[in-house]
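I have placed the structure first, in the form of structure tokens, so that the comments after it can refer back to it.
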Amino acid sequence: MRASLPRLVARVIAKSEVASQNASKVYPAPLASKGPRVTTYNLLLQQKAEAGADYPANIRLEPPLVKTTLARVPADIRAELKDYLRER
């Protein structure tokens, strides 16, 4: 396949033009929330507190089990201990 005439002619852009095009775009800093993270667990606990005795008894909320909770437990016991910590 033969190259077309526009393909054979390369346009050389001056470095000053390229730099000025990119310099005009200023992106704002990303917004980060500094408040506490709202999790589903926290929302459900709040609903349970607001409902009081009207909250269904068959819905149990287990606290989240983070990795640091069982960090110092030996590996062979860790899986069994996780099962004990979960309500059934």
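Looking only at region 75-88, count every residue that is of a type outside the set (Lys, Arg) and not in a helix (DSSP H, G or I) and tell me the total. Before the answer, list the steps.
Restricting attention to region 75-88, the residues satisfying the condition of being of a type outside the set (Lys, Arg) are 75-77, 79-81, 83-85, 87.
From the residues that got through so far, the ones that are not in a helix (DSSP H, G or I) too are 87.
Here the count works out to 1.
What are the residues in region 33-53 that are out of contact with any Leu (no Cβ under 7 Å at 6 or more places or on another chain) and of a type in the set (A, V, I, L, M), if any? Show your work before the answer.
Pass one, region 33-53, residues out of contact with any Leu (no Cβ under 7 Å at 6 or more places or on another chain): 33-40, 42-43, 46-47, 49-53.
Those that are out of contact with any Leu (no Cβ under 7 Å at 6 or more places or on another chain) and of a type in the set (A, V, I, L, M): Val38, Leu43, Ala49, Ala51, Ala53.
Note down all Cβ pairs under 9 Å where the first residue falls in region 28-44 and is surrounded by 10 or more Cβ atoms within 10 Å (Cβ to Cβ), the second is in a loop (DSSP other than H, G, I, E, B), and they're at least six residues apart or on different chains.
Partner pairs satisfying both residue conditions: Thr39/Pro64; Tyr41/Leu61; Tyr41/Glu62; Tyr41/Pro63; Tyr41/Pro64; Asn42/Pro36; Leu44/Ile59; Leu44/Leu61.
Where a number appears in this text, it was derived from the coordinates with a stated rule and is not lab data. Keep in mind that what you see is a predicted model, and the values were worked out from it rather than measured. Don't worry about glycine lacking a Cβ; one is built from the backbone with ideal geometry, like all the others, and counts go over all protein chains shown.
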